[in-house]
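Before any comments, here is the structure.
FYI, it's all coordinate maths here, none of it is from the lab. Being a predicted model, the structure only gives us computed values, none of them experimental. Here the Cβ is made from the backbone with ideal geometry for all residues, glycine too, and neighbour counts use every protein chain on show.
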Amino acid sequence: MKPVRLAILWHMHQPLYREPATGTYVLPWVRLHATRAYADMAWILERHPGVRVTVNFTPVLLDQLEDYLAGRARDALLEISARDPVDLTPEERRRLLHSFFMVDWDRSVRPVPRYLELLEKRGRDLARVDLDEVVPTFTVGELRDLQVLFNLAWMGFGALADDPDLRALAARGRDFEAADVACVLAAQRRVMAGVLPRWRALADGGQVELSTTPHHHPILPLVCDSDVAARALPGVALPPRFAWPGDARRQVADARASHALRFGRPAAGMWPAEGAVSPEALEVLAAEGVAWAASDEGVLLRSLPPGSPRALSLYRPWRATAGDREVAMLFRDRGISDLVGFSYARQPAASAAADFTERVAAAGEAWRRDGGRGPATVGVFLDGENPWERFVNSGHDFLDALYRTIGGDARIETVTLSEAVAGAEGPPIARIHSGSWIEASFRIWIGHREDRLAWTALGRAREAVEAARVAGAPADKVEHALRHLRAAEGSDWYWWYGEDFSTENAAEFDALFRGHVLRACELLDLAPPQEALQPIKPTGRGALETKALREPTALLRPVIDGRDPDFFEWQGAGLHRPGRGRGSMFGGAPAFSALYWGFDGENLFLRLDPDPDPDATHPDRIRVTLLGPRGPSRLEFAVVADGVARPGKREGGEVGRAVLVKILEVEIPLAPIGIRPGDELVMSVEALAGEAELERLPRSGYLPLSVPGADFERIHWRV
């Protein structure tokens, strides 16, 4: 028997990028990580059959991967990638220039002269770039090159090794044609389709153990009871208590069912999201049949008596008390794990692999010095997808050297997590510490003001949905709402709140979280939490969030006649331009080119300008949805170009009026629908033909509105 058993766990995860109201994928990371990490990690293991590891897939990731493979994923950036740049609208070109440099610049942009040239032309700092000015300077050829280079940059080493056409495109590096775009996107589909079959084959062959995580990657202890955060951080400011252990059990049960369906057998164990555990969370895992779980050494050492020897404690499996049951556990070596995730990318592959191997062997020696008997069991657990962006050759050289080195080392035997935790001896951990892999606490996900606002919004929505269930709301609608709230329990939204981490996509993450909360309330006609009606995360100039081009600055007094307005009628109105050219998302040209809105103290006014394109779609009605502090209001107005004012229809009667001649003008009295001065609202407008949705404004999320109070004109008064 070799002196060290090495248990590596690679964790694969992405949050739910499907926008709650429309189903559109607002970020492309499932698709792009599939062509790199998910495929690459299987590809490299196939070439090192003697190395055994555990790979953890979250169900929320697999749900989205299957959406792509089934053709259900409406990915905005994929559609921009696929369309001829000649046909891209200014809005779509802006999105292309904003998003198609989202890759590690050192590894993927600077080594490609054309890609670097395009980056320099756009500008590096989006906060200092006016994309509206830059867009017209880019030629069709430059945009097409960017379409290819961005998607090609996300092709991993496995895809490039297996596809000579991709290698030829990478070698050429510029002056691409439409056929080259099609080649790259077809390769994406092929690689994505092969991901799960490859992993199933590795699992069936016994080289890989596949495990899972609670379905939407929640911080399970905080879902059980958010007040447990104070155990590691006494005195920390916390949101109103969120305690829904039933949600935690559902997240675990759904994950186990999802895994069994996809891989043919239930997962023996789980990597709890972020290694986050607590006594209550372990009890949930055990009750749902989870045999093993894993966490960080900081959690272990705070679960044992002070002064417990590190090596003798860490390099062995444990059993932990979980209510009236037990769960087997292994804890990761934080130092070695973090070197892979954060440091080895800057070192030569052979040196990094050798350093890793010697550190694992040294852990075995420390185990024996502390009095350990038999082999040491060393856990190395970390993200299996994000680190490789920073490595040379997408991590191929390091992983190849690592697997070759540890696979040939006489001191080290690689094992799966189930093998690593088998036969745990000694008394169980009586009470597990409540913490995660970061700081052995939950500060990252609940310790900031923005986190607390998000938990408050989630908690209030959860209580409202439960009250609706108890009051007899339809079970299918309740379950639909709860699915959105379980998605909002995912850890990723809270990761990006606060000041610890930053991303260009902060606005999108914020909107996705709030969108799930708002959608849950809308489904059951509930008043949404005030905290979800406005962005929680402040964002800068470069963000692509859903917002107005112009906010209202004056009270309006328009004549609602549908005719060409005079200059002053809509002066001071808010303005949102949806952009043109929806591609295959909605089909055809859009119905409206602009949405104006404003108030006069008693009414909300809307003005929708029909798109002048001869191919524009023609709705027969519009639906206006307003979500405010006293619940949602939905009003439908007929769209008939005859100059006749027609009343709006809502459940319970008629309210407001709309008229179309050259423009569609709408008047909605506020008092009859329970909206008051000072209220914060969000709004969407759908253009409908029969039951078909032709267009939605905004395309995703909602537009925030503020109903003027008594001092509105004084605040906005100017000469």
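Between helix 140-153 and the chain there is an angle of about 30 degrees, using the helix long axis and the longest principal axis of the Cα atoms. Label-to-label distance, N386 versus R431, with points set 7 angstrom from Cα along the beta-carbon direction: 3.2 nm. Peptides 126-137, 393-404, 346-357 ordered by packing proxy, namely the average of other Cβ atoms within 10 Å per residue, highest first: 393-404, 346-357, 126-137.
Which shape class, rounded, prolate or oblate, goes with the stretch 65-121 when its Cα gyration tensor gives a ≥ b ≥ c as root eigenvalues, a/c under 1.5 marks rounded, and past that a/b bigger than b/c marks prolate? Because a/c hits 1.5 or more and a/b fails to exceed b/c, the stretch 65-121 counts as oblate.
Against the main long axis of the alpha-carbon atoms of the chain, helix 449-470 sits at an angle near 80°.
Within the stretch 103-121, list the residues whose amide N lies under 12 Å from a label point set 7 Å along Cα→Cβ of E177. No residue passes the distance filter. Computing FRET efficiency as 1/(1 + (r/R0)^6) for D609 and A362, where r is the C-beta to C-beta distance and R0 is 56 Å, gives about 0.20.
Pair-distance distribution P(r) for the stretch 589-683, from all Cα-Cα distances in 10 Å bins starting at 0: 16, 49, 28, 7, 0 percent.
Note on the chain: Rg/Rh from C-alpha atoms, Kirkwood Rh, equals 1.00.
Sorting 466-473, 657-664, 603-610 by their mean Cβ neighbour count within 10 Å, with the most densely packed peptide first, gives 603-610, 657-664, 466-473. Angle between the Cα long axis of helix 396-407 and the longest principal axis of the chain, 0 to 90 degrees, nearest 10? Computed tilt is about 30 degrees.
A simple packing score, the average count of other Cβ atoms within 10 Å per residue, orders the peptides 10-16, 504-510 as 10-16, 504-510, with the highest score first.
The alpha-carbon positions of the stretch 24-204 define a convex hull whose volume is 129 Å³ per residue. Size descriptor for the stretch 260-392, Kirkwood hydrodynamic radius: 16.4 Å (Cα pairs only, one decimal). Here the Karplus relation 6.51 cos²θ - 1.76 cosθ + 1.60, evaluated at θ = phi - 60°, turns the backbone of the stretch 292-304 into coupling constants of 9, 9, 9, 7, 9, 4, x, 5, 4, 5, 8, 9, 9 Hz, with x for every Gly and Pro. Enumerate the residues in the stretch 56-83 having an amide nitrogen under 20 Å from the point lying 7 Å beyond the Cα of A186 toward its Cβ. Answer for this model: 69-71, 78-83.
If one computes P(r) from the Cα atoms of the stretch 152-293, what percent of pairs lie at distances over 17 Å?
Cα-Cα pairs of the stretch 152-293 separated by over 17 Å account for 69 percent.
Fully extending the segment from A70 to D132, taken as 0.36 nm per residue of separation minus the present Cα-Cα distance, adds 18.8 nm.
Please say if the stretch 364-438 is rounded, prolate or oblate, where rounded means a/c under 1.5 for a ≥ b ≥ c the square roots of the C-alpha gyration tensor eigenvalues, and otherwise the choice is prolate for a/b larger than b/c and oblate otherwise? Since a/c reaches 1.5 but b/c is at least a/b, the shape of the stretch 364-438 is classed as oblate.
Using the beta-carbon distance between L575 and A354 and R0 = 56 Å, what value does 1/(1 + (r/R0)^6) give for FRET efficiency, to the nearest 0.05? E between L575 and A354, to the nearest 0.05, is 0.40. Using a simple spin-label model with pseudo-atoms 7 Å out from Cα toward Cβ, R449 and D106 lie 3.4 nm apart. Scattering from the stretch 444-532 was approximated by placing one identical point on each alpha carbon and applying the Debye formula without solvent; log10 I(q)/I(0) at 0.23, 0.25 1/Å stands at -1.04, -1.18. Scattering from the stretch 149-220 was approximated by placing one identical point on each alpha carbon and applying the Debye formula without solvent; log10 I(q)/I(0) at 0.18, 0.19, 0.21, 0.23 1/Å stands at -0.79, -0.82, -0.90, -0.99. Once the chain from E693 to R325 is taken as fully extended at 0.36 nm per residue, the excess over their C-alpha distance is 127.3 nm. Rounded to whole numbers, the Karplus 3J(HN,Hα) couplings from phi for the stretch 226-242 are 5, 5, 5, 4, 6, 5, 8, 10, x, x, 5, 6, 10, x, x, 4, 10 Hz, using 6.51 cos²θ - 1.76 cosθ + 1.60 with θ = phi - 60°, and x at Gly and Pro.
Taking 37 °C and 0.692 mPa s as conditions, the stretch 142-191 diffuses translationally at an estimated 310 µm²/s according to Stokes-Einstein applied to its Kirkwood radius (Cα pairs). At the listed q of 0.16, 0.26, 0.31 Å⁻¹, the Debye profile of the stretch 330-374, built from one uniform point per Cα, gives log10 I(q)/I(0) equal to -0.49, -0.94, -1.11.
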